[in-house]
Each structure stands twice: as C-alpha cells, then as structure tokens.
Amino acid sequence: MDFRPTPDQRALAGAVRDVLSKHPAPGTPGQETEEGPEPGIGGVAVALWRDLAELGIFGVRVPEAAGGLGLGHPESVHVFEELGRALATGPFTATALAAPLLPEYAGGRYRVGLGDLTCGDQQTQILEHLDALDALLVIEIVDGETPGVAGHSQVLRVEPIELRADPVPHPVDPRVPLHRLRQKPLRGEIVGDAGTADALLREGALLTAAYQVGIAAVLTERAVAYAKQRTQFGRAIGSFQAVKHLCADMFARAELARAAVHSAAVLLSDEAAGHDGTDLPTAAAAVSTAKLLADEAAVANARSAIQVHGGMGCTWEMGLHLYLKRAWALSLAYGRAAEHADLISESL
C-alpha cells in the first residue's frame with residue numbers, strides 16, 4: 001500500500017485551495033466574523049458553492065462518462081481536507097455522497113442533504129442547511145413484514161419542501177443552521193437498499209474525518225505562527241517549553257489522523273475495486289479508526305490552539321471557537337465514537 005499523494009492528487013488539492021482562498025475562511029485574523037450563519041441560502045455561500053461545483057468536486061467519484069472526474073476515495077479525502085482547512089460550510093459531504101448514486105448531482109447544480117433516521121432517537125433527526133437543499137436522501141428502517149423478524153434499512157429520496165421541521169434556535173455551530181424533524185417523511189422514492197445505506201454512512205464518515213484532519217492541520221499552523229510572533233518577557237512564546245509541547249502534540253495528532261484517513265481511503269478504494277484481497281470489514285474498521293482519530297485531533301487541536309493564543313484565543317475576533325464548535329458537531333456526524341469503537345472491536 002502506498003498512500004502518499006500523487007502529483008495529480010496534489011494538483012487537485014491545490015486547485016481546491018486556490019478556489020477557497022478567494023473566499024476567506026471564518027475566523028481568519030483580519031477578517032470580520034459574523035455571529036450567525038454564512039450569508040447566502042440556508043447558511044450556504046452561493047458564490048463558493050458555484051466555484052467549487054465548476055471545479056467538479058462533487059463528481060470526484062462519478063465516472064467520466066456520467067459527467068464526473070472518474071477518480072476515487074483517495075482524491076475525495078484530499079478535497080475534503082482542504083474544505084476543513086477553510087472551514088467551508090454547506091452540504092458538501094451529502095452532495096458528494098449522492099453523486100455516485102445519482103449522477104445528476106455530480107455537477108453541483110443541486111444541493112443534497114442526508115438524514116439518518118435508523119436509530120429512532122429524536123436527537124438524530126437533525127438536518128443541516130435544510131433551507132438550502134434541493135433534495136434529501138433519508139436512510140430509514142423498514143419494518144419487517146414477518147413477526148419477530150427485524151426490519152432492514154433503505155435509502156429514500158424526498159422533497160425537502162414536504163418535510164415538517166422546526167429550526168433549532170441555538171445550534172452548537174452558529175454558522176450551520178439546523179432543523180429538527182417533527183416526523184419521518186411520509187413518502188419518497190427508493191433509491192438504495194441496505195447495502196447502499198451502509199456505504200453512504202461509511203463513506204460519509206471517511207469524508208467527515210478528512211474534513212476534521214483539515215481543521216486539525218490548519219489550527220496547528222495557526223498556533224505555531226502565533227507562537228513565533230507573540231513575545232513575552234522579551235522572547236517569542238514559542239521558545240518556552242510548555243508551548244513547544246502543545247504545538248508538538250498538535251502536529252503529532254494531525255499527522256496521525258491524516259495517515260489514518262488516507263490509509264482508510266486506499267483500503268476503501270481497494271475494497272470497491274476488489275484489489276489486494278481487501279474485504280469490507282477491514283475497510284470499514286479502517287474508516288472507523290480514521291474517524292475516531294480525526295475527531296480527537298480536531299477537538300484537541302482546537303482546544304490547544306485557543307490555549308496557545310492565551311487570552312486572545314478566547315475572543316470572538318480570533319475565530320478559533322468556530323473551529324472548536326465545528327469539530328464538536330462533526331464528531332457526532334456519521335456515527336458517534338462509541339459506535340465506531342464497537343465496529344472496530346467486532347473486527348478484531
């Protein structure tokens with residue numbers, strides 16, 4: 001296995017970073033930070049979405065004959081790591097997941113959401129960016145017709161306008177508007193079976209982990225840069241051992257998570273292609289490992305970055321709290337820590 005970036009992968013990541021650089025990330029020093037959602041539709045910056053769609057990021061894994069780039073999971077994680085670095089908000093993950101299943105979404109003309117209603121827990125029936133969605137994929141349990149036989153999951157495509165949902169007044173991440181469903185969708189078009197549902201959740205966990213790696217990496221860079229230029233007692237605070245240890249730990253967490261994410265992406269691609277004898281349980285466990293490590297790296301690095309910045313790190317102007325809040329929210333997306341830990345233990 002070799003999951004070092006290829007020249008083409010580096011070029012793709014560079015192109016995404018160039019587009020994102022035209023839309024300054026929230027929390028960037030010198031940029032005004034809005035307290036509410038991203039200006040636009042449903043917390044989605046329309047200009048940024050359009051520019052990324054023109055680049056083709058939603059069709060990375062869609063065959064070229066169907067209008068996509070014809071690439072794989074390793075390329076997708078490079079794209080989402082860049083999105084995480086820029087703290088871009090929008091239904092990027094769900095739209096990218098929907099495109100291989102329904103190629104009409106590959107061009108990014110439509111914004112797609114994803115809801116997982118399989119747990120039956122009201123806390124899981126939360127949707128992001130509902131007002132901006134053109135379509136919604138819903139994973140739900142279909143009750144078994146035979147008494148005593150468990151139901152199975154399936155994927156439905158529903159019209160967001162038909163949903164009954166209430167806005168969440170104070171979401172954890174203020175830039176991502178949330179809605180809580182009042183009830184499950186009453187109707188929809190079946191577009192996938194239980195295998196499709198599992199694949200969507202697994203691939204969503206991988207892309208979310210890549211986004212978290214981007215958060216962990218950019219916060220490491222910001223903390224190191226600040227430690228070099230901030231002085232105390234006539235010396236840069238980066239020369240103090242305690243600050244050095246904080247920054248070193250941030251770097252180690254980010255790089256470990258990055259290696260896990262890129263390794264999982266290669267395994268998932270090999271499993272899909274049937275190469276190297278990779279089987280689904282091995283690839284799924286690798287994705288769960290990557291998600292756990294990336295969630296930990298993003299949250300811990302956000303806390304450490306705030307600490308390195310001292311009193312300034314607690315201010316709204318620095319915007320570091322936005323990274324922490326986004327990392328918190330994403331740590332609950334596409335499977336919580338206990339669920340991924342259980343999957344890993346079952347594979348041992």
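Assorted remarks:
- Angle in degrees between helix 241-273 and the longest Cα principal axis of the chain, rounded to the nearest 10: 30
- Antiparallel content of DSSP bridges confined to the chain, in %, to 5: 80
- Share of carbon and sulfur in the accessible area of the chain stands at 54%, probe radius 1.4 Å.
- Estimated FRET transfer efficiency (Ala242, Arg182; beta-carbon r; R0 45 Å; 0.05): 0.35
- For the chain, calculated [θ]222 nm from helices alone, where every DSSP H run of n ≥ 4 adds -39500 (n - 2.57): -16500 deg cm²/dmol
- Between helix 92-101 and the chain there is an angle of about 30 degrees, using the helix long axis and the longest principal axis of the Cα atoms.
- Tyr105 - accessible surface, heavy atoms, 1.4 Å probe, Å² rounded to 10: 10
- Ordering Met312, Met318, Met250 by accessible surface, largest first, gives Met312, Met318, Met250; the 1.4 Å probe counts only protein heavy atoms, with every chain in place.
- Those lysines that a straight Cα-Cα span of less than 22 Å connects to Lys325, excepting residues fewer than 8 apart in one chain: Lys291
- Read-out Cα Rg over 2.2 N^0.38 Å, derived from the coordinates shown; its label in (i) 1.46; (ii) 1.27; (iii) 0.99: (iii)
- Between the helical axis of 7-21 and the longest alpha-carbon principal axis of the chain there is an angle of about 70 degrees.
- Heavy atoms of the protein chains alone define the surface here; on that basis the chain has 47 Å² accessible area per residue at 1.4 Å probe size.
- Using alpha carbons only, the radius of gyration of region 204-324 set against its Kirkwood radius gives Rg/Rh = 1.13.
- Taking all protein chains as they are arranged and a probe of 1.4 Å, the heavy atoms of Lys291 leave approximately 0 Å² accessible to solvent.
- Ile41 sits with roughly 70 Å² accessible to a 1.4 Å probe, with DNA, RNA and ligands left out of the calculation.
The values are calculated or read from the model by the stated rules, or taken from the named source; none is laboratory data. Because the structure is a prediction, the values reported are computed rather than measured. Here Cβ is always computed from backbone atoms with ideal geometry, including for glycine, and neighbour counts include all displayed protein chains. Heads up: the accessible areas ignore ligands, DNA and RNA and are worked out on the full protein's heavy atoms, side chains in. Shrake-Rupley method; radii C 1.70, N 1.55, O 1.52, S 1.80 Å.
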